[in-house]
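The values are calculated or read from the model by the stated rules, or taken from the named source; none is laboratory data. This is a predicted model, so every value here is computed, not measured.
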Amino acid sequence: MSAYTRDCLCKTHYLMSNHPLKDLSQLDKYSFPVLTSNKRFQPYKSYIKKARAAGKYIVAPDTVELFERMRSLMGLENLLDILTDLTIGVIR
C-alpha cells in the first residue's frame, strides 16, 4: 500500500493530496521503497543481459527528478519553506 494519496490527473501524472513527509519529524517512521527491486528493471532485462555479456556498465536516468520526489513526499509549500530556511542559514 502506498503512503501517497494520489488523485489521477492523467495516465502518467498524479496530484498528490497527502504528503507522507510534510512534517520531517515523520522521517524516521517513513518506509522508503526498495530501489533495487527486480520489478523496476523488468522492461530492461534484455538490455541488461546484453550489456553484461559485453562487459559494459549500464547508466540510466531516473525518470522522476529529485525535486519532484521531494515535492511529492513533502508538499511544495513545506519543501520551499525548508529550502528557504537552509538557504538563509547558509547566507548567515
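Selection of the range 46-92 for residues being more than 17 Å from D23 (Cα to Cα) and of a type in the set (A, V, I, L, M) yields I48, A51, A53, A54, I58, V59, A60, V64, L66, I88, V90, I91. If a residue has to be under 23 Å from A60 (Cα atoms) and modelled with pLDDT of 65 or more to count, how many in the range 1-42 make the cut? Residues meeting the conditions: 11.
Across the range 59-78, the number of residues qualifying as at pLDDT below 85, more than 9 Å from the chain's Cα centre (by Cα) and among the hydrophobic types (A, V, I, L, M, F, W, C) comes to 2.
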